[in-house]
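The values are calculated or read from the model by the stated rules, or taken from the named source; none is laboratory data. Model, not experiment: these values are computed from the prediction. Glycine gets a Cβ as well: all are built from the backbone with ideal geometry, and neighbour counts include every protein chain shown.
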Amino acid sequence: MSLSTFIYKYRYILYIFQELLQTSNKSIMTLVIYNSLKAYSLLLSSKNYCST
């Protein structure tokens, strides 16, 4: 996975996260998305780290 692909996917997820925050009466859903985002970025960074 190239760096530009990583950044693109990451920014896309961050954009969705931002949209969810703006309609933040669903705080539980936001929390779930936030934890998923952290796990996803961790997974991607570890894959990136291994391929180096």
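Only one of the numbered conditions (1) β-branched (Val, Ile, Thr); (2) at pLDDT below 80; (3) in a helix (DSSP H, G or I) is violated by Thr52, and that is (3). Say we look at region 1-26 and pick out the residues that are of a type in the set (D, E, K, R) and at pLDDT 75 or above; which of these is surrounded by the most Cβ atoms within 10 Å (Cβ to Cβ)? Checking each candidate, the answer is Lys9.
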